[in-house]
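As structure tokens, the structure follows; a few thoughts come after it.
The values are calculated or read from the model by the stated rules, or taken from the named source; none is laboratory data. Just so it is clear, the model here is predicted, and its values are computed rather than measured. All Cβ positions, glycine included, derive from the backbone under ideal geometry; neighbour counts span all protein chains shown. Side chains included, ligands, DNA and RNA excluded: accessible areas come from the protein's heavy atoms. Shrake-Rupley method; radii C 1.70, N 1.55, O 1.52, S 1.80 Å.
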4 protein chains.
Amino acid sequence: MGVVVDGCPPRLALETAEIQADLDRRRPGQSRLTTPRQEDDKVEIVSGLFEGRTLGSPIAMLVRNQDARPGAYEEMRDLYRPSHADYTTEAKYGLRAWHGGGRSSARETIGRVAGGAIARKFLREVAGIEIVAWVQRVQDVDAKVDLENVSVEQVDESLARCPDGEASERMIERIDAVRRKGDSVGGVVECVARSVPPGLGEPIFEKLDADLASAMLSLPAAKGFEVGSGFGGVALTGSEHNDPFVPGDAGRPRTPSNRSGGIQGGISNGEPIILRVAFKPTATIRTEQDTVSRDNQPVKLAASGRHDPCVLPRAVPIVESMVALVLADHWLRQRAVDVLPDL
Amino acid sequence: MGVVVDGCPPRLALETAEIQADLDRRRPGQSRLTTPRQEDDKVEIVSGLFEGRTLGSPIAMLVRNQDARPGAYEEMRDLYRPSHADYTTEAKYGLRAWHGGGRSSARETIGRVAGGAIARKFLREVAGIEIVAWVQRVQDVDAKVDLENVSVEQVDESLARCPDGEASERMIERIDAVRRKGDSVGGVVECVARSVPPGLGEPIFEKLDADLASAMLSLPAAKGFEVGSGFGGVALTGSEHNDPFVPGDAGRPRTPSNRSGGIQGGISNGEPIILRVAFKPTATIRTEQDTVSRDNQPVKLAASGRHDPCVLPRAVPIVESMVALVLADHWLRQRAVDVLPDL
Amino acid sequence: MGVVVDGCPPRLALETAEIQADLDRRRPGQSRLTTPRQEDDKVEIVSGLFEGRTLGSPIAMLVRNQDARPGAYEEMRDLYRPSHADYTTEAKYGLRAWHGGGRSSARETIGRVAGGAIARKFLREVAGIEIVAWVQRVQDVDAKVDLENVSVEQVDESLARCPDGEASERMIERIDAVRRKGDSVGGVVECVARSVPPGLGEPIFEKLDADLASAMLSLPAAKGFEVGSGFGGVALTGSEHNDPFVPGDAGRPRTPSNRSGGIQGGISNGEPIILRVAFKPTATIRTEQDTVSRDNQPVKLAASGRHDPCVLPRAVPIVESMVALVLADHWLRQRAVDVLPDL
Amino acid sequence: MGVVVDGCPPRLALETAEIQADLDRRRPGQSRLTTPRQEDDKVEIVSGLFEGRTLGSPIAMLVRNQDARPGAYEEMRDLYRPSHADYTTEAKYGLRAWHGGGRSSARETIGRVAGGAIARKFLREVAGIEIVAWVQRVQDVDAKVDLENVSVEQVDESLARCPDGEASERMIERIDAVRRKGDSVGGVVECVARSVPPGLGEPIFEKLDADLASAMLSLPAAKGFEVGSGFGGVALTGSEHNDPFVPGDAGRPRTPSNRSGGIQGGISNGEPIILRVAFKPTATIRTEQDTVSRDNQPVKLAASGRHDPCVLPRAVPIVESMVALVLADHWLRQRAVDVLPDL
């Protein structure tokens, strides 16, 4: 896996270990809840750094595969796995690198996490922005989380990456149960970004929430996105849903409620940004399934590979990374907007 | 309002009336369910056409405001309307065109609908693609709709733009009720795109669903997006959620179920594309609200303007337009992918 | 003609008159050296301004045609004018708006000048950057110009826009002579940008000189571009051509010579940026020419329209405008590079 | 050195050897006219290929340095080499990877040649386009070349990459002479692209010649660009310069002369595309020079590294590669223009 991060400002102190830390939260085999495939996912920075600082040039990073078993994919060669990208890849390109899932393998999220680690560091340095995600739901098990105070450390104390201890246990039980059956289960990741300054985002097409939606739906297995009140907000009336402004300490208005999710008219308002992403149950299951071969004949498929019964715990650092990348881009863009003296 | 559409291929037959038809479905004052503000929204094509055909050059279109009442906004000059873009616009730009909502006015969706009408025509001509949206939910009133067969005509028969007659009536009652109270209500628009060829969309960052999510979240008042099973899909296990393939007539696989929503791995699979968008209740209400002035002092606001108690019926052509624009872009992009002979 | 300028920072004081001033330097009919076509080219700003300040939103401007004579182009309908874009436009798009030259009319440079006027104002305000261009050569008549001190006022004192009085007179004679013969003549515009800070430009593909080259070759009739020593520099050896550094007053190095043209490795070095653009003789001449009709038959063409015997004097503000637009873009980009504290 | 090529259509047969062949024409140490630094520049394709075909996904390639001598650059650490990018890099980024020239090293052109080899293969397959460049001038030694028929093989027969045997010998003598003096010399590369179909290029900002100009000025040491008649064309009148059309065999017009250089109004006209690039004399020379240290003090510099006395012979494949990349991009873009049936 390779990734190139362009646009990171020069002079940022950066160590490989900082990127590795987030990759370790994403890597397979980190607990019994994830795929037993063992990958160290050791990252190597091959360009863009000099004496521990970013140069302003593209930062290229490599993570070498270690536990690849190409033979394990031999059976995929001539058939399309249901709800995977095998068929659509072939429809688009007319050929497909069938071993290991090719470019549609979820291993591509390594690049997102490596890049996101740099963005996260940058945002912390320039603006004190903190980004924390967690597993909010597994199937029908929901968590209660204190958005104002939840920390990455609290999230990582739970195998399920759910900071609500009681919900975490039920999620673990649920994942264990579907794993034993060779089945899989989905859920919802929630994420908060705190200390985001007001003014990030564009007013029409590249709204901050539109870019976040795009980033989230670009993740493997994502099926839905919400910001602030989301789909639940449609049950309210306008008088219940609006966030009244009150005078804030810093000379700017605050909203005690936050159904806007920190974004109004596509632009951050200084309140915490809150979003949720729905992930479908992992498509690879051991249960036998009907499918079709490349020559359009019916065949049966029972996957024998090593897969995640639930991607949610590993999706947490991926969601954080994509949020960090979107916010870093908009923070830098706003530098080219806020140029002239205040009126 | 002005809009410039670039990238439309040359030689497309196009008449002003085709664009006007979609604008008429969006315009205010079309029924008692929408704002009583009367705007004809007559479109004028000022460049890009020659003897009834597109030239391949940018198509600029203008719609002139007629019923603007700048005085109606005078009260907005020195305060921030709750859950509007007034404060964030000022935070971003340091000044704000306060009369009429400026660039964040929902009147900007005129440009989307005018552009979308061209994209829709193009997609119909080159690929027979049909795009139909409708109001799926208003507050807690849900509709039953036949996704395979629902037509724009059926949708437009209902004031609420809901093709389920019984649900439509209840939606109308609900909207009338909140209107009488000076309040507002939100809902969900659902959209289907039929006859989309397999192969549209990019495999990593510009996935078809990611671009649709971005397009939808760029709409005023949008708070959530789902494709296929969406948030509901997380309640299923993988064996329940996967879409099995069966041999199809055209030599390519089909899926009898469609929890993927017509997109797998970010690329269309030839099944209908299905998506939903959550719209919050309109932020402008007549009920008195707490807010803050530009100098950070508490003030009361009771809007007196003419506003929609529910944007959903007018959002239907806007959603269709954005879907058309995204699909047209990806259809054209795929022309530069599918170049060399089949293997 | 319409133009939309996006990305101008908010809060810039801007008046229509400032844009009009540059348009007046470009407009036809300003002297006997240019086309006798009379156009006022009055600009109207239709969006993006509020109470005399830019809003940060797109600035749309319109200039209405007044002296168009569509009939004058009737003869162009079915033939291709030599060395014009008639044939290539039809080859590309399959149709062509033949009246007035369509989109390839040099009237499109109105948009460049209107946009450039804003960029020029911005650069002057934020960085004191001055951009001055002049006619350096007409056919074989060359000028001597003091690059350090030449001003727009000095340039505009000459009908030929050449600040070397003796050369200016010979240029005027030369242009008058070809005009009387119904022929045309080309030349070279030179431009200097002073007080450009070091650090603008990207190191590989979007080098400052590459972007300037692209901007200049995008102008109608441009056939060549040079920066610094240009083609003449190939006659020197390295020891003659290199610009030695000497210690400068502001704590940064200076170069007494400037064969680099103010750009080294694609990035500005703080010295004046110097470039030249070659413009071919105007393609429209009154002399009869051989050409071909749309059905590939030989025909004769003798243009009867009103055209410039020499575009050079009117090209001067256009070159300045494109330089201003490129520099403004790079100045803004550099804001997103120079973010972290100095080491 | 790493390069990522995105956008290459899938199903193109491609072998490493095809890329290596162009890299061998660029590599140092290939003759006594180039730097004696020995680099094999062996390319490794690390992604984007499957069973000898492109996948449509990004093609990443690596070339490992072999003869790097970091110590040789130690002296560059605290001073700025004249007419190099040392000072401007530091002005832009605030730090600089001083060993080996960092990102501004001309070794970055490896990536251009590797990418260009793919573009060249693609253009040959889809359109039979042939691209040939050669050294047209070294200092004041000019060549006579038959643009219609000159081939890569003829060019490569000459150490100087000049297909005019007599001029080639004089160029070799000239380069030998400056090499012995520790000096350097510049020149002009000319390039022709034959069988380019009409219709490539955009009419306003991304004109084919503008994109070629940008590509050429992005090359290290490039100071000027011409298309067709270039700077020489300004000496002609319009009646001498215009290219008359005559009826062509393929039902489309041809021009017996080609002062347009195959591009009219920014769009290819089907005639050979002809361009020239001026390269300054190599900045690195052994002669002692005045310069300035990082703390703005005067110092003397006499470079001791191994450098090219003349980059021209090695620039030939680089120019061809950039032309190929620009043409491939425009060929693919035109696929999204020429969509609807002819009128």
Checklist entry - Once you average over the residues of D:321-333, how many Cβ atoms of partner chains fall within 10 Å of each Cβ? => result 1
Checklist entry - Within chain D, what is the longest stretch that has no GluC sites (Glu not before Pro) placed in a DSSP loop and near at most 13 other beta-carbon atoms within 10 Å? => result D:158-287
Checklist outcome for this item: Honestly the protein assembly as shown on the Cα gyration tensor test (a ≥ b ≥ c root eigenvalues; a/c under 1.5 rounded, otherwise a/b vs b/c for prolate or oblate) is just prolate
Checklist entry - So which residue of B has the beta-carbon closest to the axis that swings B onto C, and how many whole Å away? => result B:4, 3
Checklist outcome for this item: Taking only protein heavy atoms and a 1.4 Å probe, the highest-to-lowest accessible-area order of B:144, B:300 is B:144, B:300
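Taking each residue in B:160-169, count the Cβ atoms of any other chain within 10 Å of its Cβ, then average. What number comes out? Each step should come with its number before you reach the end.
Values: counts 0, 0, 0, 0, 0, 0, 0, 0, 0, 0.
The mean count of partner-chain Cβ atoms within 10 Å per residue comes to 0.
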Item to check | 7 Å along Cα→Cβ, label-point gaps from residue C:153 to other copies, nm, shortest first | outcome: 6.7, 6.7, 7.3
Item to check | For the stretch C:78-223: accessible area per residue (Å², 1.4 Å) | outcome: 32
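Could you list the trypsin sites (Lys or Arg not before Pro) in the stretch D:147-225 that lie in coil according to DSSP, counting only those with at most 11 other Cβ atoms within 10 Å of their Cβ? Mind showing how you got there, number by number?
On the way: sites: D:161, D:170, D:174, D:179, D:180, D:181, D:194, D:207, D:223; in loops: D:161, D:181, D:207.
Hits after loop and neighbour filter: nothing returned.
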Next on the checklist: For residue D:11, what residues show an amide H to amide H distance below 5 Å, using hydrogens built from the backbone and excluding near sequence neighbours?
Outcome noted: D:54, D:55, D:56
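Report, in deg cm²/dmol and to the nearest 500, the calculated mean residue ellipticity at 222 nm for chain D, where each DSSP H run with n ≥ 4 adds -39500 (n - 2.57) and the sum is divided by the residue count. Write down the numbers at each step before the final one.
Working: 8 runs with 97 residues, N = 343.
Result for chain D: -9000 deg cm²/dmol, rounded to the nearest 500.
Per-residue Cβ counts within 10 Å, from other chains only, averaged over C:49-56: what number is that?
Values: counts 1, 7, 3, 0, 5, 3, 8, 13.
Mean shielding count: 5.
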Checklist entry - Let a ≥ b ≥ c be the square roots of the eigenvalues of the Cα gyration tensor of the stretch A:1-159; is it rounded (a/c under 1.5), or, if not, prolate (a/b larger than b/c) or oblate? => result oblate
Checklist entry - When only the heavy atoms of the protein chains count and the probe is 1.4 Å, how do B:260, A:105 rank by accessible area, highest first? => result A:105, B:260
Checklist outcome for this item: In chain D, helical segments from DSSP H whose Cα atoms cover 15 Å or more along their own axis and that average at least -1.0 on the Kyte-Doolittle scale are D:109-127, D:165-180, D:312-335
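From the P(r) of the stretch D:2-338, could you give the percentage of C-alpha pairs in the tail past 35 Å? Write down the numbers at each step before the final one.
Working: 14584 of 56616 pairs.
Within the stretch D:2-338, distances greater than 35 Å cover 26 percent of Cα pairs.
Work through the residues other than residue C:259 whose Cβ is under 12 Å from its Cβ and net out their charges, Lys, Arg +1 and Asp, Glu -1. Mind showing how you got there, number by number?
On the way: positive: D:223, D:280; negative: C:226, C:240, C:243, C:271.
Computed value for this residue: -2.
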Item to check | Nm distances between copies for residue D:169, ranked from closest, using label points 7 Å along Cα→Cβ | outcome: 5.2, 9.5, 10.2
Item to check | Label spacing, shortest first and in nm, from residue A:6 to its equivalents in the remaining copies (7 angstrom along Cα→Cβ) | outcome: 0.8, 1.8, 1.9
Checklist entry - Along the stretch C:260-269, what does the Karplus equation 6.51 cos²θ - 1.76 cosθ + 1.60 (θ = phi - 60°) give for ³J(HN,Hα), rounded to whole Hz, x for Gly and Pro? => result 6, x, x, 9, 10, x, x, 10, 5, 10
Item to check | Under 5 Å, built H, 5+ apart or other chain: amide partners of residue C:147 | outcome: none
Checklist entry - Can you work out the base-10 log of I(q)/I(0) for the stretch D:125-164 at q = 0.17, 0.27, 0.34 1/Å, using the Debye formula on its C-alpha atoms alone? => result -0.46, -0.92, -1.22
Checklist entry - Once D and C are treated as a pair rather than alone, how much accessible area drops out, both sides summed, in Å² to 100, probe 1.4 Å? => result 7200
Item to check | Whether the stretch C:15-103 is rounded, prolate or oblate, judged on the alpha carbon gyration tensor where a/c under 1.5 counts as rounded | outcome: oblate
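With a cut-off of 8 Å between alpha carbons and a minimum separation of six or more residues, what is the relative contact order of chain C in percent? Don't skip to the answer; put the middle values down first.
Working: 655 pairs, mean separation 75.5, N = 343.
For chain C, the relative contact order is 22 percent.
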Checklist entry - In the Gaussian network model of chain D, springs joining C-alpha atoms below 10 Å, which of D:109, D:88, D:282 carries the largest mean-square fluctuation? => result D:88
